[in-house]
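Okay, so here's the structure we're looking at.
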Amino acid sequence: MKDTLKHRGMRNKLAEIVEAKGITDKKVLEAIKTIPRHLFLDSGFEDHAYQDKAFPIGADQTISQPYTVAFQTELLQVKPNDKILEIGTGSGYQTAVLLHLKAKVYTIERQQELFKKTKLFFAKMGYRPKKMIFGDGYKGLPEDAPFDGIIVTAGAPEVPKALMSQLKVGGRLVIPVGENEQVMTLFVRKSEKEFEKRELGAFRFVPLLEDKN
């Protein structure tokens, strides 16, 4: 599959839709306009790539809705060279958005077939996260902590303590919390002991699974 002018036009439209839904961060919108989302899906589903909806990608996982990706990314407030931990690499689309924002991305995927597929895809596309790891996202990545930002791309029944502890003071954790429906939740670490918490509306994600490989 190639990236054509037609695809670019569709991306510009998608960015407009996402902006109309309330995304204001110009860099995030630029990422939506730039990243060839259709390449992250199997070629038969190309038509779905630039609709603002989630789509299945195999292993019972989905590529998140572009608006959701933009919303979570905007909450992170990524600055160049920020260390960002991503829990749930999935198709790699969210990873690509973070890389576009010049973050140093550490990403964890617990579905082996997805991990292998996305790793090959990154190599082919020239996307270079700092680390791409096959493992349990609940545990985070203590050896590379602390992080400026942590983004969780699956619904968590509760907030993993390990992730809270791996956040820098001033750092931001964006996580959808809940069983069947999730509330997008932002934690900002104010000090060693203190976190500010904001709840930002209901979303639906595939579940974040613990210790199941």
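Which of the numbered conditions does Gly58 fail, given that it passes all the others? Conditions: (1) over 19 Å from Pro176 (Cα atoms); (2) surrounded by 15 or more Cβ atoms within 10 Å (Cβ to Cβ); (3) touching a helix residue (DSSP H, G or I) at 6+ places or on another chain (Cβ under 7 Å); (4) not charged (D, E, K, R).
(2)
What do you reckon, is Glu74 out of contact with any strand residue (DSSP E or B) (no Cβ under 7 Å at 6 or more places or on another chain) and either modelled with pLDDT of 95 or more or surrounded by 21 or more Cβ atoms within 10 Å (Cβ to Cβ) (or both)?
yes
Identify, by number, the condition in (1) under 26 Å from Arg172 (Cα atoms); (2) buried (at least 21 other Cβ atoms within 10 Å of the Cβ) that Asp136 doesn't meet.
The one condition Asp136 does not meet is (2).
For segment 33-113, which fully contained strands (runs of 3 or more DSSP E) count at least 3 residues that are under 18 Å from Asp148 (Cβ atoms) and touching a Pro at 6+ places or on another chain (Cβ under 9 Å)?
83-87, 104-109
Condition first: open to solvent by less than 60 Å² (accessible area, probe 1.4 Å), of a type in the set (Val, Ile, Thr), closer than 21 Å to Ile175 by Cα and modelled with pLDDT of 85 or more. Can you find one or more residues in segment 34-51 that meet it?
No.
What number of residues within segment 108-120 satisfy the criterion of being in contact with a Ser or Thr (Cβ under 8 Å, 6 or more places away or on another chain) and either surrounded by fewer than 18 Cβ atoms within 10 Å (Cβ to Cβ) or over 13 Å from Leu39 (Cα atoms) (or both)?
Looking only at that region, the number is 4.
List the pairs whose first member sits in segment 132-153 and is in a helix (DSSP H, G or I), whose second member is surrounded by 18 or more Cβ atoms within 10 Å (Cβ to Cβ), and whose Cβ atoms are under 7 Å apart, counting only residues at least 6 apart or on separate chains?
Gly137/Ile87; Gly137/Gly88; Gly137/Ile108; Gly137/Arg110; Gly137/Leu208; Tyr138/Pro160; Pro142/Gln166; Asp144/Tyr106
The values are calculated or read from the model by the stated rules, or taken from the named source; none is laboratory data. Not measured: the values here are computed from a predicted model. Every residue, glycine among them, receives a Cβ derived from its backbone with ideal geometry; neighbour counts consider all protein chains shown. Accessible surface is based on the protein model in full, side chains and every heavy atom, while ligands, DNA and RNA are left aside. Shrake-Rupley method; radii C 1.70, N 1.55, O 1.52, S 1.80 Å.
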